[in-house]
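Bear in mind these aren't lab numbers, they're just calculated from the coordinates by the rules spelled out. Since the structure is predicted, the reported quantities are computational estimates derived from the model, not experimental observations. Cβ coordinates were reconstructed from backbone atoms using ideal geometry, including for glycine residues, and neighbour counts include every protein chain displayed.
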Amino acid sequence: MNRFTWQIVLGISLFAASIALYIAQIAIFHDQRNTFFYLIQDLAFIPIQVLLVTLILNQLLNVREKLSMLNKLNMVIGTFFSEAGTPLLRSFSEFDAGRDRLRDELLVSGAWSDRDFAAAVARARSYDYQIRYTQGDLAALRTLLLGKRAFLLGLLENPNLLEHEAFTELLWAVFHLTEELSVREDVRRLSPTDGEHLAGDIRRAYAILIVEWLAYMKHLKHDYPYLFSFALRTNPFDPTAQVVVK
């Protein structure tokens, strides 16, 4: 209650000052009629002022604040893909029996429009991920994820990520897979049932990761062309991609 004391004192002080000024105006000009006329006129504008301040101006400030927060979130997302996301895409794709068909859909280029990105997202969401736990290197994936565990935990502690539900869901999916692999000392000797369980966890993380990667690539194309150029040259789905510019 103490933290509101200064607000209460300020409110009472301002109200008392307003009354004192009206009393002074009546005492000096001896014109009660006009004083009360303008008082009521000022009160009549209060609903309009409330409308302007609480609905319109407040909404504009919220939009501006949200845009600023989204820009900061995109920086965090960029860090994620540089540190873990892109390597995970390469690793996850090794487990996908139909990866060659999927790669053809994800060869992003500088000519892509917003419609192309939207179509790619739709195809990625409807794609049948044929994850085979025996096809990829689970031991290498385990090493990769355990090496990024502290980094992933740091991202999960970022309160701004609560504004980005899809990316938060991705982090939880990846972190869950990390925990599953961390408790298995020898992932080369799994029962078929346990292997299929891990395949399901990989499928979940992989599907969300691709959609978020496409959204990130679209963001780079619009706002950071030089970073988009680098992302194209490191596209994990493009077997011909080369970092060196020729």
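Shown in residue order for region 10-25 are the 3J(HN,Hα) couplings computed by the Karplus curve 6.51 cos²θ - 1.76 cosθ + 1.60 at θ = phi - 60°: 5, x, 5, 5, 5, 5, 5, 5, 5, 4, 4, 5, 5, 4, 5, 4 Hz (x for Gly and Pro).
Using the Cβ-Cβ distance between residue 135 and residue 115 with R0 set to 41 Å, the FRET efficiency from 1/(1 + (r/R0)^6) comes to roughly 0.80. Local charge sum around residue 181 (other residues, Cβ-Cβ under 13 Å, Lys/Arg +1, Asp/Glu -1)? Neighbourhood net charge equals -2. Taking 12 Å as the straight-line reach from the Cα of residue 72, the aspartates and glutamates in range (excluding those fewer than 8 positions away in the same chain) are 163. Evaluated at q = 0.15, 0.17 Å⁻¹, the base-10 log of the normalised Debye intensity for the chain, with identical point scatterers placed on the Cα atoms, takes the values -1.09, -1.32. Loop sites here are GluC sites (Glu not before Pro) outside DSSP states H, G, I, E and B with no more than 12 other Cβ atoms within 10 Å. The longest part of the chain free of them is 1-156.
What do you get for trypsin sites (Lys or Arg not before Pro) in region 104-199 restricted to DSSP loop and a cutoff of at most 15 other Cβ within 10 Å of the site's Cβ?
Details: sites: 115, 123, 125, 132, 142, 148, 149, 184, 188, 189; in loops: 132, 148, 184, 188, 189.
When the trypsin sites (Lys or Arg not before Pro) of region 104-199 are filtered for loop state and at most 15 Cβ neighbours within 10 Å, 132, 184, 188, 189 remain.
Modelled this way, with points 7 Å down the Cα-to-C-beta line, the labels at residue 168 and residue 243 are 3.4 nm from one another.
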